[in-house]
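The structure appears right after this line, and notes come after that.
Nothing in this text is a laboratory measurement; each read-out follows from the coordinates by a stated rule. Since we're looking at a predicted model, the values are computed, not measured. Backbone-built Cβ (ideal geometry, glycine too); neighbour counts: all protein chains shown.
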There are 4 protein chains.
Amino acid sequence: MTEKKLLNRSDYKKFYSMTSRWRDNDVYGHINNVTYYSYFDSAVNQYLIENSNLDIQKSDVVGYVVHSNCNYLSPISYPELIDTGIIVIKIGNSSVTYGIGIFKSGETKVSAYGEFVHVFVNRSEKKPVPIPEKILKSLKQILI
Amino acid sequence: MTEKKLLNRSDYKKFYSMTSRWRDNDVYGHINNVTYYSYFDSAVNQYLIENSNLDIQKSDVVGYVVHSNCNYLSPISYPELIDTGIIVIKIGNSSVTYGIGIFKSGETKVSAYGEFVHVFVNRSEKKPVPIPEKILKSLKQILI
Amino acid sequence: MTEKKLLNRSDYKKFYSMTSRWRDNDVYGHINNVTYYSYFDSAVNQYLIENSNLDIQKSDVVGYVVHSNCNYLSPISYPELIDTGIIVIKIGNSSVTYGIGIFKSGETKVSAYGEFVHVFVNRSEKKPVPIPEKILKSLKQILI
Amino acid sequence: MTEKKLLNRSDYKKFYSMTSRWRDNDVYGHINNVTYYSYFDSAVNQYLIENSNLDIQKSDVVGYVVHSNCNYLSPISYPELIDTGIIVIKIGNSSVTYGIGIFKSGETKVSAYGEFVHVFVNRSEKKPVPIPEKILKSLKQILI
């Protein structure tokens, strides 16, 4: 996998502002590496919910995560606010690769960036299916 | 412990708006009971950080949680926004009891409410100490 | 609510050994207060799954948490092992109150203890229902 | 980054058995993608604590995570037990790359696998430092 280095605010197409939590900080006083993936998940799903009517409780087709990665450049600590930027890097038949950037509120350089890959599957059988039209349309709106 | 039933937005003195996370929802599709305590923690510590210069990394005196409880009245689900209300119910020599209310963004009735008790201890020896003046002053500002 | 003080290993009827996680420790170097409720949840549900065939994905009746509380007596830190003890304190028509004790592996005095209240509801309508016979039987097996 | 595909139990050198939690399952009924990184973190740090006297509270040198990735092949669900396998893939001057495999208890094929990169830094200044001798020795013991 050739990762793109999307290091600037201008590299992303949609942003979600998120609050950090006391619980996010670990022993070293910074937001724990694990927690960043929780921001990834939340941003991507919120985009799908708002832009393609994904119903995480009932939709026939749901997105399963098959890969994720994150590069950590500089720490963030609760109670700082976070801006999570997303962009679609690649659209396949059943899958989509998102680029994600984590910014301290207001900053232009990423604190962390990574990728997140969804495969769309049928909820009943968990088999990959072509990306539904409505989702595909919304993904193209933020394609790189 | 006689719990106060603080069921309305007007029962609280300070509010923090928080974003929910995909990860907060459990199998039943609602924010998991555990997660509410993470909102409690985050609201109380943010209040102390902003109003009494609590430095969670370096302050000589830190707040240890000795009791918490929560009553769950109605579910909330990601991606809904949350308003966490706080008020100080009781101030002791070393301890403080906060009342906490969790509201769906904009609603006037709590979705959940509970209590959270801090004992202030010396960071080095973990022994209870009188509440420092600056913290005491900030707690009185939101005393019931 | 009159809380029972169940402070000893011998006060509990069923135990689950659990591994702590790096992520459980907070800035103060101890398992964060929030995380204890995750142990509560896991012990109670595992008991129901193993002893009354609760299927958390498909059962008609599921347990919703309506109250929880915890008293924190002494800290535990990752990578210590945890024993979570449970006992049923009270059985109502639709609800059950569990007592939970958190022990450092092998210790006889609780590090933390609390309560956890389930109301059983119909999954489809979320309305309280009488506790199903199979669950009731399993709860009586660990009744105080 | 050329990722190694370490897909079998025999590809790993050290294993940690871990309990899953009710809270780990997400809306889709499986352990959430985020949680896997919590297993990564816990296994690696436990190895360092047990084999090189890393004191996560006081050591002069601590490991900061600069990269992580995970490939998800098949789901696991609470209350299943997890075996986390680790191996050291590469040792640099200040950094180490671990390979991590997540197995359902007793299975020989990974459910998920990935990498986790630590840079060792001085706790006071957060500057990279050569890997301390004791840690280096322990890393070489599980070098690929």
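Numbers below:
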quantity	calculated
GNM result for chain D, Cα springs below 10 Å: residue of D:ILE87, D:ILE76, D:ILE56 fluctuating most strongly	D:ILE56
Residue-wise HN-Hα coupling along the range A:117-123, computed from phi with Karplus coefficients 6.51, -1.76, 1.60 (Hz; x: Gly, Pro)	10, 9, 10, 8, 10, 6, 4
Theoretical FRET efficiency, 1/(1+(r/R0)^6), r = Cβ-Cβ of C:LYS126 and A:PHE15, R0 25 Å, to 0.05	0.10
Value at 222 nm in deg cm²/dmol, rounded to 500, when DSSP H runs of n ≥ 4 in chain D each add -39,500 (n - 2.57)	-6500 deg cm²/dmol
Space enclosed by the convex hull of the alpha-carbon atoms of the protein assembly as shown, per residue, Å³	149
Distant-in-sequence amide H partners of A:ILE87 (H built 1.01 Å from N, under 5 Å)	A:LYS13, A:GLY99
Label distances, nm, D:LYS109 versus same residue in remaining copies, Cβ-directed 7 Å point	4.5, 5.1, 5.1
Closest-to-axis residue of chain C (Cβ criterion, axis taking C to D), whole Å	C:THR19, 3
Cα Rg over Rh - the range C:9-140, Kirkwood	0.99
Nearest-20 debye value, chain A charge dipole, Cβ charges on Lys, Arg, Asp, Glu	300
Karplus (6.51, -1.76, 1.60) ³J(HN,Hα), θ = phi - 60°, over the range B:49-65, in Hz, Gly and Pro reported as x	4, 7, 10, 9, 6, 4, 10, 5, 8, 10, 3, 4, 10, 10, x, 9, 7
Modelled label reach - C:ILE49, point 7 Å along Cα→Cβ, the range C:60-98 residues with backbone N closer than 14 Å	C:63
Förster radius 35 Å - calculated FRET efficiency between C:SER74 and A:GLU107, Cβ distance, rounded to 0.05	0.30
Violating pairs (Cα-Cα greater than 22 angstrom) within the set A:LYS104/B:LYS140; A:LYS4/D:LYS4; A:LYS58/A:LYS134; A:LYS5/D:LYS126; B:LYS127/C:LYS109; A:LYS5/A:LYS140	A:LYS104/B:LYS140; A:LYS5/D:LYS126
Copies compared at D:SER124 - label distances in nm, ascending, label defined 7 Å from Cα in the Cβ direction	1.8, 6.6, 6.8
